[in-house]
1. Take the Cα atoms of the chain, build their convex hull, and give its volume per residue in Å³.
2. Taking all protein chains as present, what is the carbon and sulfur share of the accessible area of the chain, in % to the nearest whole number, probe 1.4 Å?
3. Read phi for every residue in region 101-111 and hand back ³J(HN,Hα) as whole Hz from Karplus 6.51 cos²θ - 1.76 cosθ + 1.60, θ = phi - 60°, with x for Gly and Pro.
4. Any idea what the relative contact order of the chain is, in percent, if you count C-alpha pairs under 8 Å spaced at least 6 apart?
5. From the backbone phi of region 129-146, what are the Karplus-calculated ³J(HN,Hα) couplings (6.51 cos²θ - 1.76 cosθ + 1.60, θ = phi - 60°) in whole Hz, Gly and Pro given as x?
6. Can you say what percent of the DSSP beta bridges in the chain, counting only those with both residues inside, are antiparallel? Round to 5.
7. Would you mind working out the accessible area per residue for the chain, using a 1.4 Å probe, and quoting it in Å²?
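The values are calculated or read from the model by the stated rules, or taken from the named source; none is laboratory data. Because the structure is a prediction, the values reported are computed rather than measured. These area figures cover heavy atoms from the full protein model, side chains too; ligands, DNA and RNA do not enter into them. Shrake-Rupley method; radii C 1.70, N 1.55, O 1.52, S 1.80 Å.
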Amino acid sequence: MNVTRDFTGRARVHNPGLPPGQYDAGDDWPVLSAEVTPDLTAADWSFRVDGLVERPRAWDWDEARALPGSEYAGDIHCVTSWSKFGVRFGGVSLDAFLDVVRPLPTATHAVAYAHTGYTTNLPLADLTGGRAWIAFEYGGRPLPPEHGGPARLLVPHLYFWKSAKWIAGIRLLDHDEPGFWEQNGYHARGNPWREQRYAGD
Ligand SMILES: Nc1nc2c(c(=O)[nH]1)N[C@H]1C(S)=C(S)[C@@H](COP(=O)(O)O)O[C@H]1N2
Ligand SMILES: [Mo]
């Protein structure tokens, strides 16, 4: 961190962990949902991986929770310009699911979809290598319903709209297929460090 003074003489902390155009939301965690929070219990929840894979399959809550646990501790960045530092999510690495279904060599992209119908597209490479999770917990507690509980996708190195709440499945494709926000002008990948907010950025 380095401290600079703005024109009023107020000290401002510039955090090098803050991507361009973002601000630190501090303790706030805004809720951003295009849908009404669904009434989705753990018993109703399931997660499916299919499309260009050798063995498509679905996991129910107990099956998903039985997979080896994995934590993310770090930052998240919303395209509406808030970032949140030092958050902690608990869940299962997406690699654990992909190891079971075995993506075909032709799979290059994915569409993640929610139990509500929300969709978002990602390059498959952004979902592998320990950089994406199915998250069940936040700060050691069950993920609150408004934040995607019982389970959400978490892809913290991309803008947070890629982290689909109430995640229902991921379909692997051989092409990029724009999701909900991407069809409405947002960037196909959404790397906050390159400020890929809108198509063409
Ligand atoms: N199902 C679903 N997932 C979603 C969204 C949504 O509207 N519906 N909004 C996205 C956006 S734009 C952001 S910034 C984050 C917000 O997550 P939060 O409400 O937990 O902060 O969820 C993402 N995932
Ligand atoms: Mo967002």
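1. Hull volume over Cα atoms, normalised by residue count, gives 127 Å³.
2. 52
3. The phi angles translate into 7, 6, x, 6, x, 7, 6, 10, 9, 9, 10 Hz.
4. 22
5. Once θ is set to phi - 60°, the couplings for region 129-146 become x, x, 10, 9, 9, 9, 9, 10, 9, 10, x, x, 10, x, 4, x, x, 5 Hz.
6. Bridges in the chain are about 85 percent antiparallel.
7. 49
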